[in-house]
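Novice: Can you read through this structure? Questions will come right after.
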């Protein structure tokens, strides 16, 4: 394989995107690279700048937009999220599987730029369980949680755009699912 | 998912199709069913009638051809191989992943009948290793081995028709590859 594959990884907040990715990345599978997004949101407990996200101010982010630094960016709630373009292209040229964790709006933009990209959508077993997880996270107010649940419902409507659906019931199973999807992509001719 | 997926599994003799499948099937993954082919060739040591193949005479096989019993059949060397249709359709209707282990000619027929079928091709690391494996099998004469190597070379030319390429270098890795491909297919929307 000369060219790599772009794997767009999305799912509603609280579905467990981050946990699944973190566990997957611990395996350090050769030929797989996760893009680090830029964001203006505040780091959560334990998040490391440059690893989980590159945390920047709104001013910095808007300057980067002007410089055409981003492959795609989205304003999600009050925060910006964006994907730097040069690293992605470099790793694709290298034949890697490039994982982009992005929101559903960003995913639509990506599909236009990279029509051969593959989408994996992670879903919570139910909206009730999603709410429970958001509350347990303990980082958000009731109002935040309600807003996120509404957004989540809207986001779930995008699931038919994705090639693979991973139900995050047990974290371990969801990680195995993602592992299988990526390994299969590496075997694609 | 309402309808299942047909997975066509091919590869030159000696590439390890059977070993990989046997190891995979030991996992007894729910929702996966392997079709049992009919053949007129003699059983090899340890092969069980009705499990590895259904072993029939040439007369019986030709009668089944007349009865339209087969989804596809091929004459490969001096032997017939065929896939019974009714079981395959039943399991597809049931939403299963249906594995068909068939030769490359049969695979072409299948693709015409089931355009959405997925192909996995298992390849030996090299033709030299393939020859070594055929000799170690010890069931074939020198002439047989030469004929098989020629056929293998012809068969390798069909590999671009397949969606996934599994290199059988270490059996364990090849089994993990097949496992990943099938798990990913089960996550396909």
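Values quoted throughout were computed directly from the atomic coordinates according to the rules given, and no laboratory measurement underlies them. Quick caveat: nothing in here was measured; it's all calculated off a predicted structure. A quick note on method: Cβ atoms are made from the backbone with ideal geometry, for glycine too, and the neighbour counts reach across all protein chains shown.
Novice: Based on the alpha-carbon gyration tensor of the range A:89-189, what equivalent-ellipsoid semi-axes (square roots of 5 times the eigenvalues) come out, in whole Å, largest first?
Specialist: Sorted largest first and rounded, they come to 28, 17, 12 Å.
Novice: Suppose the chain between residue A:47 and residue A:75 were pulled fully straight at 0.36 nm per residue; how much longer would it get relative to their current alpha carbon spacing?
Specialist: Result for the pair: 8.0 nm of gain on full extension.
Novice: Distances from residue A:60 to the same position in the other copies: list them in nm, one decimal, shortest first, using label points 7 Å from Cα along Cα→Cβ.
Specialist: 7.4
Novice: Per residue, what volume in Å³ does the convex hull of the Cα atoms of the range A:5-187 enclose? All intermediate terms of the calculation are to be shown ahead of the outcome.
Specialist: Working: hull volume 21.0 nm³, N = 183.
Value for the range A:5-187: 115 Å³ per residue.
Novice: Just rank A:70, B:9, fewest to most, by other beta-carbon atoms within 10 angstrom. Kindly include the intermediate steps, with their values, before the conclusion.
Specialist: On the way: A:70 20, B:9 26.
The fewest-first ordering by Cβ neighbours comes to A:70, B:9.
Novice: Distance between the C-alpha centers of the range B:147-185 and the range A:81-138? Whole Å please.
Specialist: Centre-to-centre (Cα) distance: 30 Å.
Novice: Have a look at the DSSP beta bridges in the range B:5-187 and tell me what percent are antiparallel, nearest 5. Spell out each step's value before the answer.
Specialist: Values: 8 of 27 bridges.
The antiparallel fraction comes to roughly 30 percent.
Novice: Then there's this: For peptide B:170-183, what's the mean number of Cβ atoms from other chains within 10 Å of each residue's Cβ?
Specialist: Average per residue, whole number: 3.
Novice: To continue, here is another question. How many percent of DSSP beta bridges within the protein assembly as shown run antiparallel, rounded to 5?
Specialist: Restricted to the protein assembly as shown, the bridges split so that about 30 percent are antiparallel.
Novice: Now a separate question. What ranking of B:45, A:89 emerges when the number of other C-beta atoms within 10 Å of each C-beta is taken as an exposure proxy, fewest first?
Specialist: Exposure proxy ranking, most exposed first: B:45, A:89.
Novice: Considering the Cα positions of the protein assembly as shown, please state its Rg to one decimal place and its Dmax as a whole number of Å.
Specialist: Over the protein assembly as shown's Cα set, Rg and Dmax evaluate to 24.6, 81 Å.
Novice: For the range B:1-82, max minus min Cα coordinate along each principal axis, in Å, sorted largest first?
Specialist: Result for the range B:1-82: principal-axis Cα extents of 37, 34, 22 Å.
Novice: Quick one: in the range B:88-130, what % of C-alpha pairs are over 15 Å apart?
Specialist: Across the range B:88-130, Cα pairs with separations above 15 Å total 54 percent.
Novice: Which order do B:29, B:8 fall in if you start with the one that has the fewest other Cβ atoms within 10 Å? Write out the running numbers ahead of the final one.
Specialist: On the way: B:29 14, B:8 25.
Ranking B:29, B:8 by Cβ neighbours within 10 Å, fewest first, gives B:29, B:8.
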